Amino acid sequence: MAAPAPTLDEIRAEIDRIDQAVHDLLMRRVEVVRGIGRLKGASAPKWRPAREAALIRRLVARHRGEMPVGVLVRIWREMIVGGSLALQEAVTISVAADSGCWDLARDHFGAVVPLRVRRSAAQVVRDVAAGKATIGVLPVPEAGTSWWRPLAGKDTPRIVAKLPFAAIENGRAGPAAYAIACIAFEPSGSDRSLLVVETVPPASRAALASALHKAGLSARRIAQDGAAARAVVLLEVDGFVGDGDRRLAALKGDPCCRRVAAIGGYALPLSKS
């Protein structure tokens, strides 16, 4: 004889038990996160965007069932920042005065982290460099914008993430953004890197493309500071390129390049498929 189907009250009771178990695990997670913060110490970086990206990718890969992937990602993004990072250090985010940047920052970093709007992208960079903000969110540069140039100096913030990392179905359409912080750009396993190259006049686009090819770098041009006496170009290259990368050294040695600097990069966002 088949067992009777559960009643509505029995199903609701099961949901209540699941909710309580999930809440217990969330509270336990907070305890573990606090322990990690104590082990890291005050000077160690708390925000690890590459680790976050790897975690989200792993969760998405194992996800099953009817709950949309976007909901899964949103839940974990709230936990990662509001429920983890903010417990280890006081987090403040400076955002360029652009509605798309505000929306992207709120979607990525969650509802509880303070956002501070700045009139210019340059002010966001200064906030992060001076320690007035933990993270800065700025629009991906277009022709004629040069907020990225100061990042080519020593002891400056680095680009370490690109927003959005996962598409939000009901999100406002708009330009993508970079997140900067005074931390190292780390590999996540699937990345793109950003280089600033100052060319020797009158180096052409073809000369720079040839130098990149010889160095083994696949690149695309993001922006160029046209106001500079020399061409200063922001390039996005495939893969992870750190300061000690032999390809970077090869590019620096090319006659058409006066100066080359790696200014960070980002974990490749999730595909929509």
Open item on the list: Residue pairs, Cβ under 9 Å, 6 or more apart or interchain, first in region 251-273 and without any contact (Cβ under 8 Å) to a residue 40 or more places away in the chain, second among the hydrophobic types (A, V, I, L, M, F, W, C) and surrounded by fewer than 18 Cβ atoms within 10 Å (Cβ to Cβ). List them.
Closed with: S271/A167
TODO: Quick one: E31 ticks every box in (1) at pLDDT 80 or above; (2) within 23 Å of F165 (Cβ to Cβ); (3) of a type in the set (D, E, K, R) except a single one, so which number is it?
DONE: (2)
Open item on the list: So if I check each of D107, D127, which one is crowded, with 19+ Cβ neighbours inside 10 Å and in contact (Cβ under 8 Å) with a residue 60 or more places away in the chain?
Closed with: D107
Open item on the list: Condition first: acidic (D, E), at pLDDT below 95 and not in a strand (DSSP E or B). Can you find one or more residues in region 223-231 that meet it?
Closed with: no
- [ ] Tell me, please, whether a residue that is at pLDDT below 95 and in a loop (DSSP other than H, G, I, E, B) can be found in region 203-213.
- [x] yes
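Yes/no matrix, rows are residues, columns are (1) part of a helix (DSSP H, G or I); (2) among the hydrophobic types (A, V, I, L, M, F, W, C); (3) under 14 Å from A176 (Cβ atoms); (4) modelled with pLDDT of 90 or more:
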position	(1), (2), (3), (4)
L104	yes, yes, yes, yes
R116	no, no, no, yes
Q123	yes, no, no, yes
R126	yes, no, no, yes
K132	no, no, no, yes
W147	no, yes, no, yes
L151	yes, yes, no, yes
Open item on the list: Of the conditions (1) assigned to a helix (DSSP H, G or I); (2) in contact (Cβ under 8 Å) with a residue 12 or more places away in the chain; (3) loosely packed, with under 13 Cβ neighbours inside 10 Å; (4) not aromatic (F, W, Y), V112 satisfies every one except a single condition; which number is it?
Closed with: (1)
TODO: Sort out which residues of region 239-260 are within 17 Å of F185 (Cα to Cα) and surrounded by 19 or more Cβ atoms within 10 Å (Cβ to Cβ), and write them in order of number.
DONE: F240, V241, L248, V260
Task: Subset of region 1-41 [over 27 Å from L87 (Cα atoms), surrounded by 10 or more Cβ atoms within 10 Å (Cβ to Cβ) and small (G, A, S)] - done: A13
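Please find, within region 236-269, the residue that is farthest from H108 (Cα to Cα) out of those that are assigned to a strand (DSSP E or B) and of a type in the set (G, A, S).
The qualifying residue farthest from H108 (Cα to Cα) is A261.
The values are calculated or read from the model by the stated rules, or taken from the named source; none is laboratory data. All values reported here derive from a predicted model rather than from experimental measurement. Reconstructed Cβ throughout: ideal geometry from the backbone, glycine too, with neighbour counts over all protein chains shown.
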